[in-house]
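See structure below.
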Amino acid sequence: MALLIDIRDPEWMEEQALKDILQPGLPDVDIFCGDPGDAAEQIIMLAAVKLFPDVVRGLPNLRLVQKLGAGVDGIVNDPDLHPEVKVARLRPDLPAHEIAEYCLTYVLQHQRNVCFHQDNQRQKRWQTRAPRKSASTTVAVLGLGHIGARTAQYFAAIGFRVLGWSRTEKTLQGVDCRYGEHALEGLLAESDYVACILPSTSETKNLFNAERLSQLKAGAVLLNAGRGDLIVEQDLIQAINSGQIGGAVLDVFQTEPLPGDHLFWDHPAVTVTPHVSGWHLDDGLEDIAENYRRMVAGQPLLNQVNRQAGY
Ligand code: NDP
């Protein structure tokens, strides 16, 4: 029995570096990086950021895919992945904190007119503009899971009015929590900022189409740190260009890397970041070795994903 690490993105983490982290917790386990070659039949667990074509088909005894991150879209429904294969994700605190920081950064940038003042400084122009009051600003956080709940509470802690939205009923101190599709329209109409931290599932894909975007409060700013396919990008550009909404802050896109000719790059009301809002997984990596041990012992896994629900 063995573990395979398949990342192929040295910018994010070297496979060998992850092996060095995991091996002490799994001293008797063979850990392979990249192509397992003749050892493919030994592999019972795959640790990966995404499933590359043909990898799963070559692992006949695979029992668990451990996502190195949170979003499992692209894994749970992979046609090559046998329905019996379990999928687990990581739930580290650091990227949850980082994504909450990301949302705070760009909301506060708007609240405090940061771009306006930077521009004036470059032109040596002394011009005042009142900052907006947090207490009279409403932030909606869509998705109240590991990351969204923390984000909502950070906004509440510094005095914003915060609305939260999830699939099932939730209670969070300082957050007006609502749930279910029927609750979304009213919530959008009340919010000055909408921070989207939802997974991509069959229910959330293309959530922000033209009709949904028209439900946002006039001038509202949409932030997306969930997944790119939650938004119909052409509809978003139209909603901004028509003046319906004020702008967007986007960390995730339908196609990544964002193509060079995409309209988002040059749009004055769109902020583009290259899928960096949550980055450091350090405090979650221990769980990979723990899940290997649990799987072999037949114990419940940490952070197992519901493949049917898609998250
Ligand atoms: P969780 O699974 O902990 O939470 C997901 C939340 O979304 C839950 O509150 C869930 O509701 C809600 N939700 C799911 N489906 C629906 C629906 N149909 N309607 C309303 N609410 C829904 O995930 P995380 O918070 O850990 O992560 C969220 C997503 O963030 C990830 O799936 C990933 O796509 C993205 N992400 C992006 C990163 C980046 O760098 N940009 C980094 C890490 C994650 P309920 O609580 O009722 O189940």
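The values are calculated or read from the model by the stated rules, or taken from the named source; none is laboratory data. Quick caveat: nothing in here was measured; it's all calculated off a predicted structure. Cβ sites come from the backbone with ideal geometry, for glycine too, and all protein chains shown count toward neighbours.
A few points about this structure:
- Residue selected from segment 290-307 under the condition assigned to a helix (DSSP H, G or I) and more than 23 Å from the chain's Cα centre (by Cα), by the criterion surrounded by the most Cβ atoms within 10 Å (Cβ to Cβ): Tyr292
- Verdict on Asp235 being among the acidic types (Asp, Glu) and either more than 26 Å from Glu185 (Cβ to Cβ) or in contact with a Lys or Arg (Cβ under 6 Å, 6 or more places away or on another chain) (or both): no
- Against the test of being at negative phi, assigned to a loop (DSSP other than H, G, I, E, B) and either at pLDDT 95 or above or not β-branched (Val, Ile, Thr) (or both), the options Asp20, Asp28 yield a single qualifying residue, Asp28.
- Scanning segment 127-154 for residues that are touching a helix residue (DSSP H, G or I) at 6+ places or on another chain (Cβ under 7 Å), within 16 Å of the ligand (Cβ to nearest atom) and either part of a helix (DSSP H, G or I) or without any contact (Cβ under 8 Å) to a residue 12 or more places away in the chain (or both) yields His146, Ile147, Arg150, Thr151, Tyr154.
- Positions within segment 155-167 being in a strand (DSSP E or B) and either more than 20 Å from Ala183 (Cα to Cα) or not aliphatic (A, V, I, L, M) (or both), in sequence order: Arg161, Gly164, Trp165, Ser166
- Count of residues meeting criterion [crowded, with 16+ Cβ neighbours inside 10 Å and within 15 Å of the ligand (Cβ to nearest atom)] in segment 156-169: 6
- If the condition is being touching a residue at least 24 places away in the same chain (Cβ under 8 Å) and within 16 Å of the ligand (Cβ to nearest atom), then segment 53-77 contributes Gln66, Lys67, Leu68, Gly69, Ala70, Gly71, Val72, Asp73, Gly74, Ile75, Val76, Asn77.
- Verdict on Ala210 being touching a residue at least 12 places away in the same chain (Cβ under 8 Å), among the small types (Gly, Ala, Ser) and under 30 Å from Gln234 (Cβ atoms): yes
- Yes/no for Leu263 being part of a loop (DSSP other than H, G, I, E, B), surrounded by 17 or more Cβ atoms within 10 Å (Cβ to Cβ) and away from the ligand (no atom under 13 Å from the Cβ): no
- Applying the condition of being β-branched (Val, Ile, Thr) and within 16 Å of the ligand (Cβ to nearest atom) to segment 196-241 and asking which residue is nearest to Ser277 (Cα to Cα) yields Ile197.
- Qualifying residue in segment 170-190 (condition: within 11 Å of the ligand (Cβ to nearest atom), modelled with pLDDT of 95 or more, assigned to a loop (DSSP other than H, G, I, E, B) and in contact with a Ser or Thr (Cβ under 7 Å, 6 or more places away or on another chain)): no
- Test: residue in segment 91-105 that is in contact (Cβ under 8 Å) with a residue 60 or more places away in the chain and in contact with a Leu (Cβ under 6 Å, 6 or more places away or on another chain): yes
- Selection status of Gly310, outside any helix (DSSP H, G or I) and more than 30 Å from Leu62 (Cα to Cα): no
- Residues satisfying the criterion are present in segment 286-299 (criterion: within 14 Å of the ligand (Cβ to nearest atom), acidic (Asp, Glu) and either in contact (Cβ under 8 Å) with a residue 60 or more places away in the chain or under 30 Å from Leu26 (Cα atoms) (or both)).
- Condition check for Ile245: outside the structural domain of Arg63 (by TED's automatic domain parsing), in contact with a His (Cβ under 8 Å, 6 or more places away or on another chain) and away from the ligand (no atom under 16 Å from the Cβ): no
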